[in-house]
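The values are calculated or read from the model by the stated rules, or taken from the named source; none is laboratory data. Computed from a predicted model, the values in this text were never measured in an experiment. Note that we place each Cβ from the backbone using ideal geometry, even for glycine, and neighbour counts take in every protein chain shown.
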Amino acid sequence: MAQTWPATVPTSVIHGSFRESPPDNTLRSPMDVGPDKVRRRSTSEPRPLGWDSQMTTAQVATFDTFYNTTLVSGTLTFNFPHPRTTVSSEMRYTQPPQYTPVGDGQWMVSMQVEIMP
């Protein structure tokens, strides 16, 4: 079951930081002569996303506990509004978040996740 995003941690995305691409769902087989053969790998693949969010020091502490404890170091899924469609989607981290200080108790938190099929 997907975990619930903490209410005190923002879901807003820094303008211009959102990244999304369709999943690489192809399998290529080289041929001795001519172009590679290409086929679809499966009927469903996770969709990669990334974005940056600005948080206060207190929000980062709450988010860090959510990531490390609730999500067991990012291994469990969570519900989050898709930054482009705003539809609640089940997601999972593909790598740990990165925290960058931006001054005056503010932090930039970079997220790399995948939407679960």
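In region 81-117, the residue that is surrounded by the most Cβ atoms within 10 Å (Cβ to Cβ) out of those that are touching a residue at least 60 places away in the same chain (Cβ under 8 Å) and over 22 Å from D24 (Cβ atoms) is M108.
Can you say whether P96 is over 13 Å from V9 (Cβ atoms), at pLDDT 95 or above, under 11 Å from the mean Cα position of the chain (by Cα) and not in a strand (DSSP E or B), as far as the supplied structure shows? When the stated conditions are applied, P96 passes them. Sub-6 Å Cβ pairs linking a first residue in region 36-51 that is touching a residue at least 40 places away in the same chain (Cβ under 8 Å) to a second residue that is among the acidic types (D, E), at least 6 apart or interchain, are P46/E114; P48/E114; L49/E20, ordered by first then second residue.
Residue by residue through region 22-53, note down the ones that are surrounded by 15 or more Cβ atoms within 10 Å (Cβ to Cβ) and out of contact with any Phe, Trp or Tyr (no Cβ under 7 Å at 6 or more places or on another chain). Don't jump to the end; show me each part of the working.
Filtering region 22-53 for residues surrounded by 15 or more Cβ atoms within 10 Å (Cβ to Cβ) gives 23, 45-53.
Selection gives P23, E45, P46, R47, P48, L49, G50, D52, S53.
For region 20-54, the set of residues classified as closer than 24 Å to W5 by Cα, part of a loop (DSSP other than H, G, I, E, B) and either touching a helix residue (DSSP H, G or I) at 6+ places or on another chain (Cβ under 8 Å) or small (G, A, S) (or both) consists of S21 only. For region 57-80, filtered to residues that are polar (S, T, N, Q) and either over 16 Å from W5 (Cβ atoms) or under 14 Å from the mean Cα position of the chain (by Cα) (or both), the residue that is surrounded by the most Cβ atoms within 10 Å (Cβ to Cβ) is T77. Here F63 does not fit the description of being in a strand (DSSP E or B) and out of contact with any Ser or Thr (no Cβ under 6 Å at 6 or more places or on another chain). Contact map, region 1-20: first residue in contact (Cβ under 8 Å) with a residue 40 or more places away in the chain and more than 15 Å from F78 (Cβ to Cβ), second residue among the aliphatic types (A, V, I, L, M) and surrounded by 12 or more Cβ atoms within 10 Å (Cβ to Cβ), Cβ cut-off under 7 Å, separation 6 or more or different chains; pairs are E20/L49.
The set of residues in region 1-19 being surrounded by 12 or more Cβ atoms within 10 Å (Cβ to Cβ) and in a strand (DSSP E or B) consists of Q3, R19.
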